[in-house]
1. Please give the number of the condition Glu66 fails out of (1) touching a Leu at 6+ places or on another chain (Cβ under 9 Å); (2) surrounded by fewer than 16 Cβ atoms within 10 Å (Cβ to Cβ).
2. Among the residues of region 112-136, which ones are in contact (Cβ under 8 Å) with a residue 40 or more places away in the chain and either closer than 14 Å to Leu68 by Cα or over 23 Å from the mean Cα position of the chain (by Cα) (or both)?
3. Testing Arg44 on (1) assigned to a helix (DSSP H, G or I); (2) modelled with pLDDT of 80 or more; (3) surrounded by 15 or more Cβ atoms within 10 Å (Cβ to Cβ), one condition comes back false. Which one is that?
4. Filter region 68-82 down to residues that are over 12 Å from Trp123 (Cβ atoms) and in a helix (DSSP H, G or I) and give me whichever is modelled with the lowest pLDDT.
5. Give me the pairs: first residue in region 27-52 and more than 30 Å from Ala125 (Cβ to Cβ), second residue surrounded by 12 or more Cβ atoms within 10 Å (Cβ to Cβ) and not polar (S, T, N, Q), beta-carbon distance under 9 Å, and six or more apart or on different chains, which are they?
6. Contact list please: Cβ distance under 9 Å, first residue in region 54-65 and touching a residue at least 60 places away in the same chain (Cβ under 8 Å), second residue among the aliphatic types (A, V, I, L, M), pairs at least six apart or on different chains.
7. With the checklist (1) touching a Leu at 6+ places or on another chain (Cβ under 8 Å); (2) at pLDDT 90 or above in hand, flag the one item Val24 doesn't pass.
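The values are calculated or read from the model by the stated rules, or taken from the named source; none is laboratory data. What you see is a predicted model; the values in this text were computed from it and never measured. Cβ placement follows ideal geometry from the backbone for every residue including glycine, while neighbour counts extend to all protein chains displayed.
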Amino acid sequence: MSSPPAQGRPPGSATTHVLRFVVVGVVLAWSALVAVVIAREPERGAASPAELARACEVALNDGDAESLARLFGRPLSEDGAAVAESVVARAGSPRGRWTVEPDPGANGAVLVIADATGLRARWRAEEDDGRWLVDPIASPSAG
């Protein structure tokens, strides 16, 4: 017994070719989009301690948690966004402008953060693969 002929279009029909072309086109477009997004992602950290201090200062004074999170290193590199939101919220306008500068005695490995009211703290900075990152767990420092 032979089976009845399959109904529908044969495998080499124009509809099949168009469908394959569309699927391949969507896959290529998606791959290109992913590559562009990855290429445009800003690098984490900064090239030097001075650049790191400046980027921290700008992020704190602008209330930019997203930029601040990109400056965080270990142990907060994974959930730095939540920590950055908290830091930016606490650093709000009642304290005035923040200044951040590398501690000259620490060879760039410590950033000194100060506000207009005299509050000061120190953030440890470390180099990782040629980029400087900050550990935002502050330690208070004297006046």
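1. Failed condition: (1).
2. Within region 112-136, Ile113, Trp123, Ala125, Trp132, Leu133, Val134, Asp135, Pro136 meet the criteria.
3. Failing condition for Arg44: (1).
4. Within region 68-82, the match that is modelled with the lowest pLDDT is Gly80.
5. So the pair list comes out empty.
6. Going by the 9 Å Cβ cut-off, the qualifying pairs are Cys56/Ala46; Cys56/Leu68; Cys56/Leu71; Cys56/Val100; Cys56/Leu111; Cys56/Ile113; Cys56/Val134.
7. If we test Val24 against (1) touching a Leu at 6+ places or on another chain (Cβ under 8 Å); (2) at pLDDT 90 or above, just (1) comes out false.
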